[in-house]
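Reading through the structure tokens given below for one structure.
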Amino acid sequence: MNHEKILIEKAVRRIEVQSSPNNEQVKIKGDHKDLKLIAAGTDAAVFRFLPAPDKAIKVFANEKCDKLKMELDVYRNIGESNFYPHCYGSGVNYMIISFEEGVTLYDCVVRGIPIPKQVIIDVENARSEVIEKGLNPRDIHLKNILMHNGRAKIVDVSEYMKEGNDYRWEYLKRGYEDYYHLIEGKPVPLWVVESVRKWFNQSTVFQYEEFIKKLSKLYDMFSISSSNRKS
Ligand SMILES: Nc1ncnc2c1ncn2[C@@H]1O[C@H](COP(=O)(O)OP(=O)(O)O)[C@@H](O)[C@H]1O
Ligand SMILES: [Mg+2]
């Protein structure tokens, strides 16, 4: 084992990642000076590896290690790409991937950072690229897309071997095209974004029009409360 891998093994052993019910964010116990938390997902937590800051370590919850194996397989299939991280290797409960600069589209919406059309085009191209490689791009939502200098990268490819379409990207794209101009550059309160996320995750049969109706009520509430604050 090379020196870097030994350091990674030592550091990861100090971290415990626990999954949460209802596919909510994982919980993280422990820490290590070489690991700086970037974000918690629903299967894993991702850390920057400080001795080699161009690398990130995705540490999976024990019950989610089947996803680790699937994600490694997907990265092997993707190979080199400008749209996805590079995978350098793995251990029992983690993988080593390239650290990607940028903010998630989720944070862009919450912080009011404008998302240019090029980001949507990049995601479309990223999807076509992996479809050509025989994969099925799924689970493409706001937290799995990073924006840096107006360009997009996709993280979290663990579901690309699964069958079926979850339509997450189709609805996001449609929402962007139809309604993004209403919120562009305006911070959307966290409770609004979280309500939308939960509605989507809870709906068994998703109906775009119904969803938009609900959303427009929420949008009115949000507009009224922000105009009250200004006056
Ligand atoms: N290679 C990376 N570089 C920088 N940040 C990353 C990277 N991979 C993941 N992240 C961040 O960590 C979060 C969780 O990672 P993700 O792979 O989506 O975990 P999960 O499979 O649990 O959803 C992402 O939403 C993103 O903010
Ligand atoms: Mg994710």
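The values are calculated or read from the model by the stated rules, or taken from the named source; none is laboratory data. Computed from a predicted structure; not experimentally measured. As a convention, Cβ positions derive from the backbone with ideal geometry for all residues, glycine included, and neighbour counts pool all protein chains shown. Ligands, DNA and RNA are excluded from the accessible area calculation, which covers all protein heavy atoms including side chains. Shrake-Rupley method; radii C 1.70, N 1.55, O 1.52, S 1.80 Å.
Annotation: amide H of ILE38 within the under-5 Å range of VAL46, PHE47, ARG48, sequence separation 5 or more or interchain, hydrogens built in the peptide plane. Kirkwood radius and radius of gyration were both taken over the C-alpha atoms of the chain, and their ratio Rg/Rh is 0.98.
Charge dipole (Cα centre; +1 on Lys/Arg Cβ, -1 on Asp/Glu Cβ; no other charges) of the chain amounts to roughly 720 debye.
Put +1 on the Cβ of each Lys and Arg and -1 on the Cβ of each Asp and Glu in region 58-192; which of VAL155, ASN125, LEU135 then has its Cα farthest toward the positive end of the dipole? After comparing all options, I get VAL155. Distance between the C-alpha centres of region 158-200 and region 80-119: 17 Å, rounded to the whole angstrom.
In plain terms, the C-alpha convex hull of region 144-224 casts an average shadow of 6.5 nm² when viewed from every direction. With helices as the sole contributors, the chain gives -14000 deg cm²/dmol at 222 nm; each DSSP H run of n ≥ 4 counts as -39500 (n - 2.57), and the sum is divided by every residue. Can you give the accessible area of CYS65 in Å² (nearest 10), computed on protein heavy atoms with a 1.4 Å probe? Looks like 20 Å² after rounding.
Close amide H partners of THR104, meaning residues 5 or more places away or on another chain with modelled amide H under 5 Å apart, are MET147. In order along region 46-52, the Karplus-derived 3J(HN,Hα) couplings, from 6.51 cos²θ - 1.76 cosθ + 1.60 at θ = phi - 60°, round to 10, 10, 7, 8, 4, x, 9 Hz, and Gly and Pro are given as x.
With θ taken as phi - 60° and the Karplus curve 6.51 cos²θ - 1.76 cosθ + 1.60 applied, the whole-hertz 3J(HN,Hα) list for region 151-164 is 10, 10, 10, 10, 10, 6, 10, 5, 9, 5, 8, 6, 8, x Hz, x standing for glycine and proline. With distances taken between every two different alpha-carbon atoms, region 128-174 has a Kirkwood hydrodynamic radius of 11.4 Å.
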